[in-house]
Structures are given as C-alpha cells and as structure tokens.
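Below is one structure, written out as structure tokens, with a few remarks after it.
The values are calculated or read from the model by the stated rules, or taken from the named source; none is laboratory data. Predicted model only: the values in this text are computed from it and were never measured. Note that we place each Cβ from the backbone using ideal geometry, even for glycine, and neighbour counts take in every protein chain shown. Heads up: the accessible areas ignore ligands, DNA and RNA and are worked out on the full protein's heavy atoms, side chains in. Shrake-Rupley method; radii C 1.70, N 1.55, O 1.52, S 1.80 Å.
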Amino acid sequence: MSYPYKHTTLVLILLVGSAAFFSIQVFQNLVFAEYQRSPTKPVNSRYFFGNNQDSGSRKELWEMLIKYRQNKTKSRRLPKIIGIGVEKCGTHALLHFLRPHPLIRVTDPTETHFFDEQPDASVQDYLLKLPELEEDIFLMEKTPAYFNFRPSSIPANIKRMVPDAKLLLVLCNPVDRVLSDFYQEWIMFNITHPGKGQFRYKSVDQYVYDYLPRVQQAIGDFDQKNSVLQEDRVFDLMGKDYLTHIITTGFYALHLQRWFKYFNETNLMVVDSEAMLQDPGSVIEEVQEFLKLPKVLLKEDYVKEEDSGYFCYKNWKDENKLDCLPSAKRRTRNGNKSLPPDVTSKLQELFQSHNEALFKMLGRKFEWK
C-alpha cells in the first residue's frame, strides 16, 4: 500500500477585460465554488492567483478564505480531521503546525476521548462535545488513544459516525517511543507516586527488564496468520496491567490492521514523525494536499529556533513572531534521557518483525535505527 499524492490540476482563467465587471464578493464565491467542485481541490495558491508564490498572492488567498466564512450560519458539526495517534510520536506537533491554517479549527480540549470512553454513545452525544462552526471549516480533534486502546470497535464506530473524516496517524521509532512513554507515565504518577508510597521503577531500564519477558511470551514475533489473536492478547495484557502499553503500543502492524478494514490511503494518512521533526514544512504541505485544503501553509513558514534547535511556525504576517512547541513536548528529544545500549538492542529485536510487517503493509520503509 502506498500513499501517492496525485491531484488533478484546477485552472481558473480570468479574462482581464471581463474581470472588471465582477465584485470581489462574486470573485470569491466563484473561486470557492470551483474549489468545492474540484474532485481533488486545488492544493496551491497559484491556482487562484497566477503562477507566482509571492506574499501578495498568499495574502489575497488567506484573506479570501477568512472573508468567505464570515456571516455564515454556525452550527455544531462533526470533525473533518481526526488525529488517531500514535501517542508520544509527535501528534501534538502535527496539530501545532497545522493549527494556523485559516480553515482549520481545533476542539477544546483537543482530545475528546469520545470513541474510547463513550463507545455506545450517539452522534448527537458527540456533537454536544464539539463547537459551533461555519460549514466550510475543517474541525480537527486529536485523541491518540484511538489507535491502540479499547474498544476494538473504535475504527468501525468512527467510520459509521463520521464517514467523511480524514484520519492522520503519526508513527515513530517504537524503541524511542518506549522511552518517551515511560517518562510520560512517570510524570502522570502511574509509575512512581511518592504521595501513595509507590516506587515501582527508578529507571526505564528497570521497567523494560521486568516487562519485556512478559510481552515476548504473550505476543512474540509478528505472525500474519494469528495477527488478530495477537492483537487480542495485546488488549488482554493492557486490561490486566495498564503499563504494558508502553511497549505494546509499538506493535503498529497489529493495531493498524483493524483500521485498514475501514480506511485506506484515500482517508488515512501516515505521517513519518522523523520527517516532521527534520522538515515540518514539507510534511505540512503534503498534509494540506491530503486534506484537500488550499495550501497556504508553506515550507518556508517553519524555521529552526536557534536556542532549542527545534522547528517553530513563523507567522508570515509577522516574521518576528515564532510559535514554538512547549518544552514539555520535547523532554526526551533534548539528549538528557536515553536508553542503555543493551535495552535498546533488546527492544530493537522485539520490534523487528513487527516493523517489517508494518513496512510491507504500508508499502514504504521508515529509517528507524
């Protein structure tokens, strides 16, 4: 399975002699009508304003999109974008970099946990959690637990209740994810809780040495013939001991198989976390194409902050303003925390067959060390 970005080019020809007869409102309506009718929708501002990419063209398109939604009737609407995971792989970074788009709005809170915590609820129950918006706004919610937590019916329920939603899935090296998730659970007091006298593990290697044999015995290497049974075992392990998910979440192929029963490359985009860290602008351009949004967030909008070395969003209307991720979102990327070499080797061995199954499933390979 591959994730090509094939789009039909939409060309709007505006005759200069005739354009004078159109008001700006008529022009806006014409452009947006063509945008809505296009089977793939234009993905670049040059489709609206000629072949250049200067700031004036983007400024006009940006303002046009904002004006278009003004005075529109608002109502509670289902999300058009759902971030389904993976936790500790950069889902917040993806949302952070997408958020400036004038047609995107994010739920508050960003994680609704509707499909994992209210599996028997109705569409109306879901709408009550969502804000009132104009019709053409792309509402986004992000709940990473959807990807790998119970109930197993989450993909089916999303497809049934929000059939037109586009899903975004961020994947990262599962070994690195163990380190990040361990410290996330530590901070949440699920591992060590001084107030309760709970001191389970003093370090991530102690955790891995304890849990790795259990996971190996229950799951083992990826087995195509018994992969559904293996996924059930993952859920059983989590049901008996919540902390097993620190490791088992990284069995991406086992979890992804249930999603591919209802979604494919047309409505589920897999994002490489490492690519997003190294070149977020290019990734965000691709995501806009996938979502069929006007491409007004461009590669050059994402620049490295000198002090941290991490990318930030540079507001094109005010180049002195940088919108950066909070430091808490990069606590294991700063080099202060790492896995011992022997622990890294054991985890690499555990995930090897599962990674190979994932690469085969996706038709692409990630350069995970």
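Overall size of the stretch 221-369 from C-alpha positions, given as principal axis extents largest first: 54, 39, 27 Å. Between the residues Val303, Ala275, Ser338, the greatest Cα displacement towards the positive end of the dipole of the stretch 267-357, with unit charges on the Cβ of Lys, Arg, Asp and Glu, is found for Ser338.
For the stretch 169-184 versus the stretch 129-157, the spacing of their alpha-carbon centroids is 22 Å. Computed from backbone phi with θ = phi - 60° and the Karplus coefficients 6.51, -1.76 and 1.60, the 3J(HN,Hα) list for the stretch 201-206 is 9, 8, 8, 5, 5, 4 Hz; x is used for glycine and proline. Taken one residue at a time, the phi angles of the stretch 171-178 give Karplus couplings (6.51, -1.76, 1.60, θ = phi - 60°) of 10, 9, 4, x, 5, 4, 5, 4 Hz. Gly and Pro are set to x. Restriction of the GluC sites (Glu not before Pro) in the stretch 292-329 to DSSP coil positions whose beta-carbon has at most 14 other beta-carbons within 10 angstrom yields Glu305, Glu306, Glu319.
With a ≥ b ≥ c the root eigenvalues of the C-alpha gyration tensor of the stretch 276-317, is it rounded (a/c under 1.5), prolate (a/b larger than b/c) or oblate? Oblate shape, in that a/c is at least 1.5 and b/c is the bigger or equal ratio.
The tail of the calculated P(r) for the stretch 247-302, taken as Cα-Cα distances beyond 20 Å, holds 40 percent of the pairs. In this structure, the amide hydrogen of Val271, modeled 1.01 Å from its nitrogen in the peptide plane, lies closer than 5 angstrom to those of Leu169, Val170, Leu171, counting only residues at least 5 positions away or on a different chain. Of the GluC sites (Glu not before Pro) found in the stretch 94-167, those in coil by DSSP whose Cβ has at most 11 other Cβ atoms within 10 Å are Glu135.
For trypsin sites (Lys or Arg not before Pro), the sites in the stretch 174-283 that DSSP calls loop and that have at most 16 other Cβ atoms within 10 Å are Arg200, Lys202, Lys261.
Overall, the accessible surface of the stretch 147-265 at a probe of 1.4 angstrom is composed of carbon and sulfur to the extent of 49 percent. Put simply, the amide H of Leu322, placed in the peptide plane, has no neighbours under 5 Å, leaving out anything fewer than 5 places away on its chain. In the context of the full set of protein chains, residues of the stretch 76-178 present 34 Å² of accessible surface per residue (probe radius 1.4 Å, heavy atoms only). If you wrap the Cα atoms of the stretch 176-290 in a convex hull and average its projected area over all directions, you get 9.4 nm². The alpha-carbon atoms of the stretch 99-200, seen along their principal axes, cover 51, 33, 26 angstrom, with the largest extent given first.
A simple charge model with +1 on the Cβ of Lys and Arg, -1 on the Cβ of Asp and Glu and nothing else charged puts the dipole of the stretch 110-265 at about 580 debye relative to its Cα centre.
The local environment of Arg69, defined by Cβ-Cβ distances under 15 Å, has a net charge of +1 under the rule Lys, Arg +1 and Asp, Glu -1.
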